[in-house]
């Protein structure tokens, strides 16, 4: 009986690729997408922070500057950038035009009813998801407008719990300031606490 040497037993790289393509074609396609993304990342330069943020007296790169930096390099590599809003999510999606494979980053929109704030939030999220997708180096300075629509609400107090809190304040176990900071009080509750 003849045994094969170790060299004869191992398939060549080309044979491995053919085998991979036959067994798992999506792996080969995925590698194509990842190679193209690597090329984009390699060619991508830092984006100039050309816009002023008057609230923080600092500069930031706006969405147009980021798209201008990313999109031409993507297109050179056979990738297309789309930024749809789907199911209340702002999505940055890079699609390989040859294979249809894609990679994406998304953020869920907060519940904002003011159209101007919603548009500002969408623009901010488009920029943030695009930066995230390519691990771009920029500073988050202009999230103020988008953040205005998202306010953390304080818990409310039932009258029973409120009366217990007032008793604790009168007994020196709690302060009126702590109560005001921690809970959302009704006008009546606020008036009572203010008079303590």
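The values are calculated or read from the model by the stated rules, or taken from the named source; none is laboratory data. Predicted model only: the values in this text are computed from it and were never measured. Here the Cβ is made from the backbone with ideal geometry for all residues, glycine too, and neighbour counts use every protein chain on show.
A Cβ distance below 9 Å, combined with a sequence gap of six or more or placement on separate chains, defines the contacts here; from segment 149-169, residues that are over 16 Å from residue 190 (Cα atoms) reach residues that are at pLDDT 85 or above and loosely packed, with under 10 Cβ neighbours inside 10 Å in the pairs 149/111; 149/113; 150/111. Of the listed requirements (1) surrounded by 13 or more Cβ atoms within 10 Å (Cβ to Cβ); (2) modelled with pLDDT under 90; (3) not in a strand (DSSP E or B), residue 122 misses just one: (2).
Of the residues in segment 48-57, none is within 20 Å of residue 134 (Cβ to Cβ), surrounded by fewer than 12 Cβ atoms within 10 Å (Cβ to Cβ), modelled with pLDDT of 90 or more and in the same structural domain as residue 121 (by TED's automatic domain parsing).
Among the residues of segment 125-138, the one identified as exposed (fewer than 13 other Cβ atoms within 10 Å of the Cβ) and either over 18 Å from residue 35 (Cα atoms) or at pLDDT 90 or above (or both) is 137. Just so you know, in segment 98-116 the residues that are surrounded by 13 or more Cβ atoms within 10 Å (Cβ to Cβ) and under 21 Å from residue 66 (Cα atoms) include one that is farthest from the chain's Cα centre (by Cα), and it is 102.
Within segment 66-92, take every residue that is closer than 18 Å to residue 35 by Cβ and part of a strand (DSSP E or B) and give me the one that is nearest to the chain's Cα centre (by Cα).
Taking segment 66-92 and keeping what is closer than 18 Å to residue 35 by Cβ, we get 70, 73-81.
After this cut, where a residue has to be part of a strand (DSSP E or B) as well, the list is 79-81.
Numbers: 79: 21, 80: 19, 81: 16 Å.
Only one residue fits best here, namely 81.
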